[in-house]
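This report refers to the structure that appears directly beneath it.
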Amino acid sequence: MASQGDNKWVYSFGGGKTEGRADMKNLLGGKGANLAEMANLGLPVPPGFTITTGVCTYFYANGRKYPDDLRGQIDQALAGLEQAMGAKFGDPVNPLLVSVRSGARASMPGMMDTVLNLGLNDTTVQGLVTRSGDPRFAYDSYRRFIQMYGNVVLDVDHHHFEEILESHKRDKNKHFDTDLTAEDWQAVVADYKAMVERELGHPFPQDVQEQLWGAIGAVFGSWMNARAITYRKLHDIPADWGTAVNVQCMVFGNMGNDCATGVAFTRNPSTGENLFYGEYLVNAQGEDVVAGIRTPQHLTIAGKESNKSDLPAMEEVMPEVFRQLDGVRLTLEKHYRDMQDIEFTVQQGTLYMLQTRTGKRTAAAALKIAVDLCTEGVIDKAEAVKRIDPASLDQLLHPTLDPKADRTVIAKGLPASPGAASGKVVFTADEAESQAALGDAVILCRVETSPEDIHGMHAARGILTTRGGMTSHAAVVARGMGRACVAGAGELRVDYKNKIMSVRDITVREGDTITIDGSTGEVMLGSVPTIQPELSGDFATLMGWADEIRRMGVRANAETPLDARTARKFGAEGIGLSRTEHMFFDPNRILAVREMILAETEEGRRKALDKLEPFQKQDFVELFEIMAGLPVTIRLLDPPLHEFLPNTEAEMEEVARAAGTDPLRVHHRAVQLHEANPMLGHRGCRLGITFPEIYEMQARAIFTAAAEVAQKTGQTVTPEIMIPLIGTKKELDILKAVVDKAAEQVKAATGQDLTYHVGTMIELPRAALRADEIAESAEFFSFGTNDLTQTTFGISRDDAGSFLPDYERAGILEHDPFATLDQDGVGELVRIGVERGRKVRPDLKLGICGEHGGDPASISFCEQVGLDYVSCSPYRVPIARLAAAQAALNADTVKRD
Ligand code: PEP
Ligand code: MG
């Protein structure tokens, strides 16, 4: 390893010397790498330098100390900036001012964001007065610096600054910040400094080096603050990635009316349309746009018109600079081959680019952009498929408001993140989290949101703000999280103290239900009914491409006709698991099921089974008809008995009456059947071993249904009959014989030939280990990873919820293993099962039907071990189709490498 002295900790960009590139994100963070890349592209980037993520890692590995040679490298880079700008850091006549920003590999709200105007103090502010010729601007800049630095570096609460500013405005009878004069700002500066000294016990730092190192320390320190840790956890960002720090020469968007600042997307981030989309403010600094303090104006005339805004667009106010910016937009899209999110500042008519990064977008926009870029010839189909996060498709599969439903619209804001959501009103992130934990749907209503609110935004179904634009914190974060969001509903007044929200004569209290539509911006009283989404257009196109690419099949876990139809609508290629016990919960049947379970003799059981058989046959007829020749895997009964036993005296009496027996006997039998650990008890094939007549009835119902549908439709129906919870070959052999006998009976009775397959679930470690033996009898395996996880970890599926969160918090488990497959342990058993099974039977058909079949990370594992298909709940089928395609592409890359 290189000694500390050989390390390069600082990389310059702009001003004629650029050392970084876009592909150095790991070292320079996203922001730093892209600033360097923009400079390389010849775009106007104010000069600066990036302190690498390596320093962050060093800092935490060495008790929060910096490498010895860091100071020298920073001094040298700073000297480069001084030379490029012809100014000097801390100089009373011509002071160099810088911004300091964090910049991790992935953009991370929750960390220290920005300190602007660093380098101002009581002396250098005079230099700024002279240089700009505008004392009002200079003192405004100084007070902004004290406020930002005081808040984010020195940790002085925001409201102290707000109060001072408000009291100055009140005293002078002025409404807007822009009404304050140079003298007013000078007085505000004096009060700010006095307050900071009072709060901290020492004065606001005047030494510019101390300011700079304070800001650098705050960025590195914020990597480990609670908000950043929460964000990393939610987004699976490893703690050892670290953040970089970007120090950049200031350019000013607030030096007069020929100055501006703005944020923009190279395409519309909500719809994906190929239209320049953004907001700007004349005479303002960057944070004014995103903080939602002033209402931003549209960049383009088209944007202004479609949003019915009266405020002039940048295209009208600064046509020349706008044209230049539009050129930058095209350069960046062409270079990055993706939609970009950019920040810019115009200083006295000159455009500067401050940031570019891949733009966050809604799932609908992501699809449209990927499909459009492919159609435009910028990317190919494989790249388009790779660009979509499978989990984000969830947003498109969710319901929208029923247009026919009555609605009482009380306010309208911006359509910041699509989807409709109803829930109880809450006013704080903490309340959102605690109500959601109790199972309530909530809408988080805030004046505006900040990074402190992330946990509440995550817990809420929807977010409503009364202030801020399409690029406000609430809007950006909600889109990223896939939460419905209405932003800037300005007619609504939120009163945190009294926990109410009002508009005209309507008052909404905490706990009242409202509905928001993030696609139209409407806020409605009560809960408004919703309808299912349409899955055509770009969605269908991209899914078609995914289907061309993927190797694995995608089936659904479904047993009801409704689920089976939904599964087909979402593109399932068959049913991978039909849990027959779910068919028995119907009120018409549960009585007969209880009678069967509680019967003391085979005769009693057969009597009850006779009642159930016609229902079962009809279930299978419907499934076969809906699936129209696609494979249907039916699992024979696997009921943990406790789910079916009668609980109340009344239920016992009812069962006794139906069976023609004494309630006391039923009671006695129920006690007898009670199990200490039903999940590991008399369930699955064990029930079939003890009571073969149950499986016999089910097999007969399957074959009769198959014969009937085949005859009616002329289609071949090839049922796949699956035996659950097999641990030994012998169990399978005994039960396979029961199935085969039923097939013979139905063949004889109908005179029809029947084709079918018999296979097993692999959901016990023993079954995985003895897969070679079992494969001698089984024609297919379906990995039941719910039970396999339960039995491998020895953690009860039903009880895990109470302690698994502690395991995740303690870092023992990275994910809930019931949601994302534990590849090292459970996965090892799957791998063994696959290898040993295929050794004996090379054409053994292999699938997965545990919950993991719909989880993208687990699907990628299934591709690696060579499963033939995954099966998941109907709503996850599109996610699985896309994830399977991405898994195939990744596996392909691995092969080529
Ligand atoms: C499994 O165990 O993974 C499985 C699919 O079966 P069930 O969830 O019904 O036990
Ligand atoms: Mg199971």
Q | Radius of gyration, Dmax [the stretch 563-661; alpha carbons; angstrom] | A | 15.7, 49
Q) Over the Cα atoms of the chain, how large are the radius of gyration and the largest Cα-Cα distance (Dmax), in Å? A) 32.7, 104
Q.
Need one word for the stretch 142-283: rounded, prolate or oblate. Basis is the Cα gyration tensor (sqrt eigenvalues a ≥ b ≥ c); a/c below 1.5 gives rounded, then a/b vs b/c decides.
A. oblate
Q | Charge dipole (the stretch 448-538, unit charges on Cβ, about Cα centre) - positive-most of Ser527, Asn498, Ala478 | A | Asn498
**Q.** the chain, dipole about Cα centre (Lys/Arg Cβ +1, Asp/Glu Cβ -1), debye to the nearest 20
**A.** 1000
Q. Straight-line reach from Lys747: which lysines have Cα under 19 Å away, leaving out those fewer than 8 places along the same chain?
A. Lys617, Lys712, Lys736
Q) Which three lengths, in whole Å and largest first, does the stretch 502-581 cover when its Cα atoms are put on their principal axes? A) 58, 37, 17
Q) Relative to the compact globular guide of 2.2 N^0.38 Å, what is the alpha carbon radius of gyration of the stretch 272-344, as a ratio? A) 1.11
Q: At q = 0.09, 0.11, 0.21 Å⁻¹, what is the base-10 log of I(q)/I(0) for the stretch 1-143 according to the Debye formula with one equal point scatterer per Cα and no solvent? Please give it to two decimals.
A: -0.32, -0.47, -1.32
Q: Using 0.36 nm per residue of separation minus the Cα-Cα distance, give me the extension gain between Phe585 and Leu330 in nm, one decimal.
A: 85.9 nm
Q) At q = 0.15, 0.16, 0.23 Å⁻¹, what log₁₀ I(q)/I(0) does a Debye calculation on the Cα points of the stretch 205-317 give, no solvent, two decimals? A) -0.91, -0.96, -1.16
(Q) Whole percent per 10 Å bin, from 0 to the bin with the longest distance: what is P(r) over all C-alpha pairs of the stretch 157-225? (A) 17, 38, 31, 13, 1
Q | Whichever lysines have a C-alpha closer than 21 Å to that of Lys17, once near sequence neighbours (fewer than 8 apart) are set aside | A | Lys8, Lys25, Lys31, Lys88
(Q) Can you give me the angle between helix 692-713 and the longest principal axis of the chain, using Cα atoms only, in degrees from 0 to 90, rounded to the nearest 10? (A) 80
Q. Starting at 0 and stepping by 5 Å, how many percent of the alpha carbon pairs of the stretch 614-771 end up in each bin?
A. 1, 9, 15, 17, 16, 14, 12, 10, 5, 1, 0
Q: Please report how far the C-alpha centroid of the stretch 80-131 lies from that of the stretch 20-45, rounded to the nearest whole angstrom.
A: 20
**Q.** Dipole of the chain, positive end: most advanced residue of Gly349, Gly72, Ala459 [Cβ charges, Cα centre]
**A.** Gly349
Q. Could the peptides 740-750, 609-619, 777-787 be put in order, highest first, of the mean number of other beta-carbon atoms found within 10 Å of their residues?
A. 777-787, 609-619, 740-750
Q: Binning at 5 Å from 0, report for the stretch 745-891 what percent of all alpha-carbon pair distances ends up in each bin.
A: 2, 10, 18, 19, 18, 14, 9, 5, 3, 1, 1, 0, 0
**Q.** Share of carbon and sulfur in the accessible heavy-atom surface of the stretch 123-217 [1.4 Å probe, %]
**A.** 49
(Q) Straight-line reach from Lys169: which lysines fall under 21 Å, measuring Cα to Cα and dropping same-chain residues less than 8 apart? (A) Lys193
Q: Write down the accessible area per residue of the chain in Å², having rolled a 1.4 Å probe over the full set of protein chains.
A: 41
Q) Cα centroids of the stretch 430-462 and the stretch 195-233: how far apart, whole angstrom? A) 28
**Q.** Long-range Cα-Cα pairs in the stretch 606-647 (distance over 17 Å), rounded percent
**A.** 52
Q. How many percent of DSSP beta bridges within the chain run antiparallel, rounded to 5?
A. 60
Q) Using unit Cβ charges (K, R positive; D, E negative) and no other charged atoms, how large, in debye to the nearest 20, is the dipole of the stretch 619-703 about its Cα centre? A) 340
Q) Taking square-rooted eigenvalues a ≥ b ≥ c of the alpha carbon gyration tensor, is the stretch 388-526 rounded, prolate or oblate, where a/c under 1.5 means rounded and, failing that, a/b exceeding b/c means prolate? A) rounded
(Q) If you roll a 1.4 angstrom probe over the protein chains with everything in place, what fraction of the accessible area of the stretch 578-666 belongs to carbon and sulfur, to the nearest %? (A) 50
Q | For the chain, calculated [θ]222 nm from helices alone, where every DSSP H run of n ≥ 4 adds -39500 (n - 2.57) | A | -14000 deg cm²/dmol
Q.
Using the Cα centre of the stretch 539-676 as the reference point, and only Cβ charges (+1 on K/R, -1 on D/E), how large is the resulting charge dipole? Debye, rounded to the nearest 20.
A. 440
Q: Heavy atoms only, probe 1.4 Å: what % of the accessible area of the stretch 835-897 goes to carbon and sulfur, would you let me know?
A: 48
Q.
Step by step: find N for the stretch 413-462, compute 2.2 N^0.38 Å, then divide the Cα radius of gyration by it. What's the final number?
A. 1.05
(Q) Please compute the volume of the convex hull spanned by the alpha-carbon atoms of the stretch 297-424 and report it per residue in Å³. (A) 176
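The values are calculated or read from the model by the stated rules, or taken from the named source; none is laboratory data. A quick note: this is a predicted structure, and the numbers were derived from the prediction, not measured. No Cβ is skipped: glycine too gets one built from the backbone with ideal geometry, and neighbour counts run over all protein chains shown. Accessible surface is based on the protein model in full, side chains and every heavy atom, while ligands, DNA and RNA are left aside. Shrake-Rupley method; radii C 1.70, N 1.55, O 1.52, S 1.80 Å.
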